[in-house]
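Structure record follows, encoded as structure tokens.
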Amino acid sequence: MVIFTSYYGTRRAVPSPVAISLKVPEDFRGEQFPELAPTAELEAAYATGKIDEDRYIFLYRRLLEERRLTPDNVVRRLPFTCTLMCWEKPYQFCHRHIAAKWIYDHTGILVREYGRHFIRGGLGIFK
């Protein structure tokens, strides 16, 4: 299995795009996996500075648990080769990187940012 992450700006170039955001671009033609999207409240709390990256990571992971998602069942539902998509650029803090690490930590499947050698630790997800 090969899983990438990327942002919607690359949606026409990546293999099998799968949206994991609350909203998608109007012309998005890939699959959608809304269970991996954060809530609007979580996004707003981070955007307004009410929570920091560490708290966001904690709350996003708790959200996945509350939705009864496991990395194994998520991986089984994804195409064999796919790209998890959302809005933030590769160098920006984003829930797709948290989802990528969550998948890797529990399945051993390395999820890479499309066009990058690996997801950089500077994103705050490897703390």
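The values are calculated or read from the model by the stated rules, or taken from the named source; none is laboratory data. Note that the structure is predicted; figures quoted are calculated from it, not measured. Note that each Cβ is placed from the backbone with ideal geometry, even for glycine, and that neighbours are counted across all protein chains shown.
In region 72-101, which residues are surrounded by 15 or more Cβ atoms within 10 Å (Cβ to Cβ) and part of a helix (DSSP H, G or I)?
Within region 72-101, the subset surrounded by 15 or more Cβ atoms within 10 Å (Cβ to Cβ) is 74-75, 78-79, 82-88, 90, 93-101.
The answer is VAL74, VAL75, HIS95, ARG96, HIS97, ILE98, ALA99, ALA100, LYS101.
Which of the numbered conditions does ALA44 fail, given that it passes all the others? Conditions: (1) in a helix (DSSP H, G or I); (2) surrounded by 14 or more Cβ atoms within 10 Å (Cβ to Cβ); (3) of a type in the set (A, V, I, L, M, F, W, C).
Going through the list (1) in a helix (DSSP H, G or I); (2) surrounded by 14 or more Cβ atoms within 10 Å (Cβ to Cβ); (3) of a type in the set (A, V, I, L, M, F, W, C), ALA44 breaks only (2).
Looking at this structure, is TYR56 in a helix (DSSP H, G or I), out of contact with any strand residue (DSSP E or B) (no Cβ under 7 Å at 6 or more places or on another chain) and at pLDDT 95 or above?
Values: in a helix (DSSP H, G or I): yes; out of contact with any strand residue (DSSP E or B) (no Cβ under 7 Å at 6 or more places or on another chain): yes; at pLDDT 95 or above: yes.
So TYR56 fits the description; yes.
Okay, residues lined up against (1) within 15 Å of GLU88 (Cβ to Cβ); (2) polar (S, T, N, Q); (3) in contact with a helix residue (DSSP H, G or I) (Cβ under 7 Å, 6 or more places away or on another chain); (4) modelled with pLDDT of 95 or more:
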position	(1), (2), (3), (4)
VAL18	no, no, no, yes
VAL24	yes, no, no, yes
GLY30	no, no, no, no
LEU36	yes, no, yes, yes
ALA40	no, no, no, yes
GLU43	yes, no, no, yes
